[in-house]
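Before any comments, here is the structure.
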Amino acid sequence: MSTDGLHTTTTEPARGVVHERHVPWAGPRLVGVVLLALGVASLVATTAIHSAELGWSLEGPRMAPLIGSVALIVLSLLYLLRTVWRPDVDLARFAANEAEATHWPTPGALLAALVGYALLLGTLGYALATTVFVWLVSWLLGSRSPGRDAIVAVALGVGVGYAFSRWLGVRLPAGPWGI
Amino acid sequence: MDLALLHGLTDPVLAANLLDGFGNVLTVQNLLLAAAGVTLGTLVGVLPGIGPALTIALLLPLTFNFSDPTGAFILFAGIYAGGMYGGSTTSILLNTPGESSSVATAIEGHQMARRGRARAALATAAIGSFVAGTIGIVLLTLVARPVADLAVKFRPEDYFALALIAFASVTTLVARSMIRGLISLALGILIGVVGIDQLTGQSRLTFGVDQLGNGVDIVIVAVGLFAVGEALHMAAKLRSGGADEEEIIDPGADGQAGDGDARDAADDGTGPSARGRAGRRRRNPWMTRQDVRRSWKPWLRGAAIGFPFGALPAGGAEVPTFLSYATEKRLTKHPDEFGKGAIEGVAGPEAANNASFSGTLVPLLTLGIPTSATAAIMLAAFQIFNLQPGPELFDTNSDLVWTLIASLYVGNVLLLLLNLPLIRVWVKVLEVPRPLLYAGILAFATLGVYSLSGSTVEVLVMYVIGVLGFFMRRYDFPVAPVILGVILGPVMEVQGRRALVGSGGDLSVFVSRPLTIVLLLVAVVALLMPYLPAIVARLRGRRDGRKLVFGEED
């Protein structure tokens with residue numbers, strides 16, 4: 001995020017010469033298909049809403065999800081169309097730049113750490129789980145100062161846990177050690 | 001309008017309400033809360049890439065357990081004001097605007113900083129925020145009640161149309177492609193309908209998961225999309241060196257000041273101000289007399305541009321900041337400095353940004369319609385306390401409304417008192433190592449949602465939404481319309497259905513009154529606004545028209 005955030009045009013000057021056929025379309029297309037699937041899934045779920053008296057009437061409970069799902073289906077088809085016909089090269093190039101800058105194992109490991117954190121929060125208690133999580137994630141993200149990270153992690157886990165549960169009355173899982 | 005304002009100034013009821021509000025704020029406990037809010041808000045807002053919306057989303061849980069909403073809202077007003085101020089510090093010193101409304105500040109502010117004028121840029125931003133913020137709050141004080149009285153006459157179909165305006169303006173202005181903006185909005189609307197239908201009690205789109213019966217809380221969506229999504233997105237690039245080109249500029253440094261000041265002095269010509277600058281050069285002053293002379297008009301113009309744009313449901317703070325930037329660029333006597341660090345280009349947009357926030361509080365408090373992502377999260381804070389902003393709020397919770405408005409005044413003053421003297425602290429915050437920063441954001445996000453619900457399932461739902469936010473960022477989908485859809489979708493649905501029930505299912509209810517028709521037309525204009533430059537160019541026979549789009553980070 002830099003001042004690049006200001007875009008006065010949809011057709012930015014190309015950084016380097018990237019021809020359309022060299023732009024990878026697999027990512028944007030996959031996203032379109034997933035969106036389409038989401039739209040279809042919510043349309044199917046919409047038909048399952050009980051609406052005995054009101055049925056499909058405008059003021060019934062099915063209308064809003066119906067509009068939402070149909071809109072999503074139509075829009076994702078339009079989005080898919082723009083990957084084939086009059087292709088949105090800016091988008092593909094944006095996605096390609098993102099992909100190039102991405103170190104895939106990192107978000108994957110991060111997500112695993114998050115899920116582990118959520119599941120172990122109750123068992124380990126807030127303070128310990130947070131300390132381990134912060135320390136581990138800092139390391140995952142490339143920090144190579146385990147000593148410093150450990151100090152910050154303990155401060156965050158124990159300090160925040162204490163402050164929130166004592167001063168703000170937030171109920172946090174105590175764990176076997178009572179904090 | 002003028003008469004109404006004059007009437008407002010002498011209105012004893014308003015004065016009494018506001019005095020009551022100040023009476024509530026000016027207690028030791030509440031002042032401490034305001035100071036804590038301002039400090040925390042700045043602290044989090046200064047963190048690179050974190051704007052006010054994310055600041056508020058992350059700090060929302062702090063207010064969950066307040067038994068008294070007044071204290072919570074005082075803290076909250078402080079957090080907001082601080083978050084906004086912190087964002088401008090980051091833009092100036094690090095060139096990393098936390099949100100699109102700070103982008104204009106970053107353009108000139110960072111150049112000023114590079115030329116050794118960081119302290120002047122920070123000062124004009126801070127004082128400009130204070131001046132424009134105060135003007136905006138005064139205007140809010142004066143127009144809130146009249147607008148609320150007007151809004152009592154609004155019928156369901158008018159609320160439906162208002163929601164459409166908010167959808168149209170936010171979606172089209174923040175998205176680089178209208179298809180992607182509308183997809184985000186549709187996703188938000190679908191997330192918004194999950195759970196029990198308010199009117200018939202039927203369960204909708206829960207896909208058989210019991211925990212979804214109560215719907216997906218807006219806090220979960222906001223924290224997931226903003227905090228988890230952003231952290232995953234930035235973290236993914238961390239190890240391939242995507243984030244290490246950052247250079248923090250020390251505001252006290254004189255290293256690069258030489259050429260900047262020498263050039264300034266040469267440009268300024270002779271006279272007392274140039275001599276004054278030369279005399280104080282070594283102390284690296286906050287603002288010289290020349291700076292003040294060049295800043296005060298942009299502050300006032302920024303306030304004048306910012307407030308109405310915020311108050312009309314027209315896309316929040318992005319438009320007025322760029323409009324102010326363009327205005328200053330046109331009016332300046334130093335056009336050669338624009339792009340290289342013109343102080344007007346910091347003063348104007350920062351003022352517009354703050355005034356526009358006070359403006360967004362008008363539709364938020366009086367109509368319950370948020371017109372920016374930040375306002376949408378503010379609305380979530382009201383909902384946590386079972387308060388529904390809207391015309392009735394001024395009758396049922398008059399005390400709270402006026403205390404909130406009074407606390408905005410107090411927060412603004414505290415901000416000015418605390419921030420510039422503490423600039424060394426904020427520079428240290430900028431230096432926080434990125435791995436620890438993102439680890440901390442993720443831990444706080446989890447803490448927030450866990451303390452809201454006490455349930456692991458909701459935390460996992462938040463992570464899923466975070467993954468959605470991650471991919472939305474990678475494929476350039478704007479996230480603000482999702483938040484707006486989740487919050488306003490249900491409002492729009494309920495109002496639309498009420499209107500239809502009232503009319504016996506006759507759709508003409510939406511075009512039967514002039515007010516509703518005007519509102520619907522405004523929605524259409526808002527939808528087409530980004531294409532106006534292109535349409536105008538087409539009409540003039542040129543084909544180089546460009547679509548007007550403002551980047552959106554959070």
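Let me make sure I get this right: for the range B:135-243, a, b and c are the square roots of the gyration tensor eigenvalues over alpha carbons, sorted descending. Under 1.5 in a/c it's rounded, otherwise prolate if a/b > b/c, else oblate. Which is it? The shape class here is oblate.
For chain A, rounded, prolate or oblate, judged on the Cα gyration tensor with a ≥ b ≥ c (square roots of eigenvalues), a/c < 1.5 rounded, else prolate if a/b > b/c? Verdict is oblate for chain A.
The charge dipole of the protein assembly as shown, taken about the Cα centre with unit charges on the Cβ atoms of Lys, Arg (+1) and Asp, Glu (-1), comes to about 1540 debye, rounded to the nearest 20. Once the dipole of chain B is set up with Lys and Arg at +1 and Asp and Glu at -1 on Cβ about the Cα centre, which of B:Leu300, B:Leu199, B:Pro478 lies farthest towards its positive end? Positive-end residue among those listed: B:Leu300.
Quick check: the angle from helix A:63-81's long axis to the longest principal axis of chain A, C-alpha only, nearest 10 degrees? The helix A:63-81 is inclined about 70 degrees to chain A.
With N the number of residues in the range A:115-179, Rg(Cα) / (2.2 N^0.38 Å) evaluates to 1.11.
Residue-normalised convex hull volume from the C-alpha trace of the protein assembly as shown: 172 Å³ per residue.
Between exposed trypsin sites (Lys or Arg not before Pro) in chain B, where DSSP calls loop and at most 10 other Cβ atoms lie within 10 Å, what's the longest gap? In chain B, the maximal stretch lacking such sites is B:334-539. The angle between the Cα long axis of helix A:126-140 and the longest principal axis of the Cα atoms of chain A comes to about 60 degrees, rounded to the nearest 10. For B:Gly302, the shell of other residues with beta-carbons less than 12 Å away shows a net charge of -1, using +1 for Lys and Arg and -1 for Asp and Glu. Across the options A:Leu78, A:Thr131, A:Leu119, the greatest Cα extent toward the positive end of the charge dipole of the range A:50-179 (unit charges at beta carbon of Lys, Arg, Asp, Glu) belongs to A:Thr131.
Is the C-alpha gyration tensor of the range B:90-170 telling us rounded, prolate or oblate? Criteria: a/c under 1.5 is rounded; beyond that, a/b larger than b/c is prolate, otherwise oblate.
oblate
Model label points for A:Arg148 and B:Val28, set 7 angstrom from Cα along the Cα-to-Cβ axis, are 4.0 nm apart. Inter-chain neighbour count for B:187-199: the average number of beta-carbon atoms from partner chains within 10 Å of each residue's beta-carbon is 5. Neighbouring Cβ atoms from other chains, within 10 Å of the Cβ of residues in B:530-536, number 1 on average.
Think of each Lys and Arg Cβ as +1 and each Asp and Glu Cβ as -1; about the Cα centre, that makes the dipole of chain B roughly 1640 debye. Each Lys and Arg contributes +1 and each Asp and Glu -1, all at the Cβ; summed about the Cα centre of the range A:67-179, the dipole is approximately 240 debye.
Any idea what diffusion coefficient chain B gets from Stokes-Einstein, in µm²/s, Kirkwood Rh on alpha carbon pairs, 37 °C, 0.692 mPa s?
This corresponds to a translational diffusion coefficient of 137 µm²/s.
Neighbours of B:Leu122, meaning other residues whose beta-carbon lies under 14 angstrom from its beta-carbon, give a summed charge of +1 when Lys and Arg score +1 and Asp and Glu score -1.
Taken together, the values in this text are just the output of simple stated rules run on the coordinates, not laboratory data. Given the structure is predicted, the values throughout are model-derived calculations rather than measurements. Counting neighbours? That spans all protein chains shown, and the Cβs are built from the backbone with ideal geometry, glycine included.
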